[in-house]
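The values are calculated or read from the model by the stated rules, or taken from the named source; none is laboratory data. In this text, all values refer to a predicted model and were calculated from it rather than measured experimentally. Note: ideal-geometry Cβ built from the backbone for every residue, glycine included; neighbour counts use all protein chains shown.
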Amino acid sequence: MKKIAFLSSPAPEALKARAVLESMYPFIDPLNAEVLVVLGGDGYMLEVMHHYLEAKIPLYGLHCGSVGFLMNAFSPDNFLSRLNKAIPTHLYPLEMNVYQNGGAPTKALAFNEVSLLRETRQAAKIEISVDGVVRLPELVCDGILVATPAGSTAYNLSAHGPIIPLETPVLALTPISAFRPRRWKGALLSENAEVKFTILESHKRPVSAVADFTEVRDVSSVTVRQMKKLGVTLLFDHDHNLEERILKEQFMV
């Protein structure tokens with residue numbers, strides 16, 4: 001039997017499920033575990049992914065929250081059998097480097113997306129460069145985001161961005177309520193691309209940048225790239241893995 005540690009969100013449903021599993025298996029300190037079993041929803045899973053990123057311990061999620069795209073169905077029955085048959089999926093974060101108006105540079109990681117959002121009633125004006133080449137001199141919009149394949153079914157999908165199969169080496173660049181150019185729907189970029197956003201008229205049209213749980217306001221420029229040197233391993237039940245879930249999303253009506 002693997003050395004298993006159980007982590008749960010503060011939600012009553014998650015705490016109750018954790019108590020059931022801990023009554024069946026011996027306690028292991030999380031940093032000494034071979035697998036971390038995460039009980040909660042996607043939000044709590046993202047917190048654990050960030051917190052234990054350097055520990056490199058595989059994570060097996062059990063859905064005891066609201067949204068459970070990154071989780072497996074909770075059931076104490078045949079738990080060890082399911083865990084031993086689980087399929088590993090490797091996720092790599094985006095690194096966001098933010099420069100503020102009059103502030104120090106800030107770095108943050110995002111497993112789903114990095115998004116830029118207007119802060120006031122006025123639309124944002126953003127210049128977009130890819131690998132040092134200006135590709136769009138001025139985008140007038142509510143915002144824009146860069147999403148990983150795993151994050152392509154989250155905010156990116158709500159903004160009418162493309163769903164990306166998990167193993168596809170691309171990132172989605174998706175505008176949020178673009179006003180000009182009105183017909184621009186975004187782009188698919190290589191996973192090795194570095195995207196730079198320069199905020200035009202940044203004092204008049206302030207913009208914030210968000211990477212998962214980190215928000216920086218009044219930014220002047222933001223660079224985004226994927227970090228292949230970092231990553232987490234999520235475990236999914238063999239009959240309902242993450243790649244299958246993302247594929248299935250493309251046929252939802």
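A few points about this structure:
- Taken over the stretch 36-61, the criterion of being assigned to a helix (DSSP H, G or I) and among the hydroxyl-bearing types (Ser, Thr, Tyr) is satisfied by Tyr44 alone.
- Matching residues in the stretch 239-253 - criterion: being surrounded by 12 or more Cβ atoms within 10 Å (Cβ to Cβ) and farther than 13 Å from Leu166 by Cβ: His240
- For the stretch 46-61, the criterion of being assigned by TED's automatic domain parsing to the domain that holds Leu83, over 17 Å from Ile87 (Cβ atoms) and of a type in the set (Phe, Trp, Tyr) is met by at least one residue.
- Selection count, the stretch 26-50, where residues are under 16 Å from Phe74 (Cα atoms) and not β-branched (Val, Ile, Thr): 7
- Qualifying positions in the stretch 168-215 - acidic (Asp, Glu) and either outside any strand (DSSP E or B) or in contact with a Lys or Arg (Cβ under 6 Å, 6 or more places away or on another chain) (or both): Glu191, Glu194, Glu201, Asp212
- Top-ranked residue of the stretch 90-105 - restricted to ones that are part of a loop (DSSP other than H, G, I, E, B) and over 16 Å from Lys228 (Cβ atoms), ranked as farthest from the chain's Cα centre (by Cα): Gly102
- Of all residues in the stretch 59-102, exactly one satisfies the criterion of being crowded, with 22+ Cβ neighbours inside 10 Å, farther than 24 Å from Glu249 by Cα and of a type outside the set (Val, Ile, Thr), namely Met96.
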